[in-house]
Amino acid sequence: MKLTARSEYALLALVYLARHEKEGFISIDTIATAQSIPPKFLEQLMLALKRAHFLRSAKGQKGGYQFAKRPNQISLAEVIRLFDGALAPTESVSENFYESTPIEKEKKLTKVFRDIRDHVSNKLEKTTIADIQ
């Protein structure tokens with residue numbers, strides 16, 4: 001697993017929203033400035049997070065984004081999978097994005113990568129946005 005800028009920026013935006021949750025809807029410009037995220041790029045990420053039902057939006061002068069789910073109900077794993085897919089180091093050990101790969105020929109090697117997947121997945125599944133705000 002390697003995080004892309006999409007996952008990293010999405011996580012930064014969600015952490016910012018969690019820290020300012022009581023302020024209501026927060027604009028993309030406010031989040032982009034605070035977290036040094038290109039605003040146009042952030043717009044795309046926020047729309048994806050909205051489509052995934054993590055966020056809701058409002059238009060107008062006091063519009064922006066806020067959580068549709070509580071920050072303690074959104075795991076890091078969910079966000080990363082939304083933008084980057086598998087958490088596994090290789091698709092052949094992925095639970096959600098399985099594809100056959102050459103490494104499957106060596107069962108002991110596959111087990112090592114499965115153990116890595118399990119450790120990473122467990123940590124990211126148990127850690128929520130609320131845990132890191």
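The values are calculated or read from the model by the stated rules, or taken from the named source; none is laboratory data. Predicted model, so just to flag it, every value in this text is computed and none were measured. Neighbour counts are summed over all protein chains in view; Cβ atoms, including those assigned to glycine, are modelled from backbone coordinates with ideal geometry. Note: accessible area is taken over every heavy atom of the protein model, side chains too, but ligands, DNA and RNA are not part of it. Shrake-Rupley method; radii C 1.70, N 1.55, O 1.52, S 1.80 Å.
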Would you work out what percent of the accessible area of segment 9-121, with all protein chains in place, is carbon or sulfur (probe 1.4 Å)? 52 percent
What is the dipole size for segment 1-95, taken about its Cα centre, with +1 at each Lys and Arg Cβ and -1 at each Asp and Glu Cβ, in debye to the nearest 20? 380 debye
Is there a quick way to get the dipole size of segment 42-133? I mean about its Cα centre, with the Cβ of Lys and Arg at +1 and of Asp and Glu at -1; what is the value in debye to the nearest 20? 420 debye
Regarding segment 1-92, what whole-number volume in Å³ per residue does the convex hull of its Cα atoms give? 91 Å³
For a 24 Å ceiling on Cα separation, which of these pairs sit above it: Lys22/Lys62; Lys2/Lys126; Lys22/Lys69; Lys40/Lys123; Lys22/Lys59; Lys2/Lys59? Lys40/Lys123; Lys2/Lys59
Using a cut-off of 15 Å between beta-carbons, work out the net charge of the residues near Ala18 (Lys and Arg +1, Asp and Glu -1, Ala18 not included). +1
Which Rg and Dmax, in Å, describe the Cα atoms of segment 52-133? 17.0, 59
Using the heavy atoms of the protein chains and a 1.4 angstrom probe, tell me the accessible area per residue for the chain in square angstrom. 61 Å²
For segment 1-47, what size does the Cα cloud have along each of its three principal axes, sorted from largest down, in whole Å? 34, 20, 18
I'd like to compare 10-23, 96-109, 50-63, 113-126: which one has the highest average count of other Cβ atoms within 10 Å, and what's the full order after that? 10-23, 113-126, 50-63, 96-109
